[in-house]
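Step one of this worksheet: look at the structure below.
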Amino acid sequence: MVKLKELYKRVTISIQADIKNQYFHYAGKESLEINATYEKASKMDIKTFAEKAKRYVENRDFSDQANAELRLYNLKMRISRIELKKREFEAEFLDQNIGERWDNIMIWCLPEVINSKLVINFRSFG
């Protein structure tokens with residue numbers, strides 16, 4: 001029998017692993033150490049860069065610098081979306097009073113996380 005707390009733990013571990021994989025993938029493509037990747041991503045300000053990214057795309061700027069900056073921007077955006085979904089899942093999970101059985105909880109996951117909508121039917125759990 002799978003308990004809700006175990007399911008919660010498995011889902012959050014899976015999401016966290018996906019976040020790490022995003023960082024590792026970027027680090028490998030950019031030939032960076034993982035700590036440098038974390039630092040580089042944490043320093044990027046999405047709001048500030050959004051206008052620059054828009055100009056790159058509008059001007060079809062395919063320079064090495066533009067591509068490098070856009071790859072970092074895309075990483076940061078993917079991580080932000082995954083973390084938002086993780087927080088939404090946690091809030092929904094806690095909001096449902098963990099001890100009770102639920103009929104269904106629907107979580108819209110990002111393609112990077114699961115590639116589809118996840119429907120968990122708790123009737124099947126003891």
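Where a number appears in this text, it was derived from the coordinates with a stated rule and is not lab data. None of the values given here were measured: they were computed from a predicted structure. As a convention, Cβ positions derive from the backbone with ideal geometry for all residues, glycine included, and neighbour counts pool all protein chains shown.
The table below gives the values:
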read-out	value
Helices (runs of 4 or more DSSP H) within segment 1-65 that include 3 or more residues more than 22 Å from ILE82 (Cβ to Cβ)	46-58
Flag for SER42 being hydroxyl-bearing (Ser, Thr, Tyr) and closer than 30 Å to TYR8 by Cα	yes
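Okay, residues lined up against (1) within 20 Å of GLU69 (Cβ to Cβ); (2) surrounded by fewer than 11 Cβ atoms within 10 Å (Cβ to Cβ); (3) out of contact with any Phe, Trp or Tyr (no Cβ under 9 Å at 6 or more places or on another chain):
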position	(1), (2), (3)
LYS5	no, no, yes
TYR8	no, no, no
GLN16	no, no, yes
ILE19	no, no, yes
GLY28	yes, no, yes
ALA36	yes, no, yes
ALA41	yes, no, no
MET44	yes, no, no
LYS47	yes, yes, yes
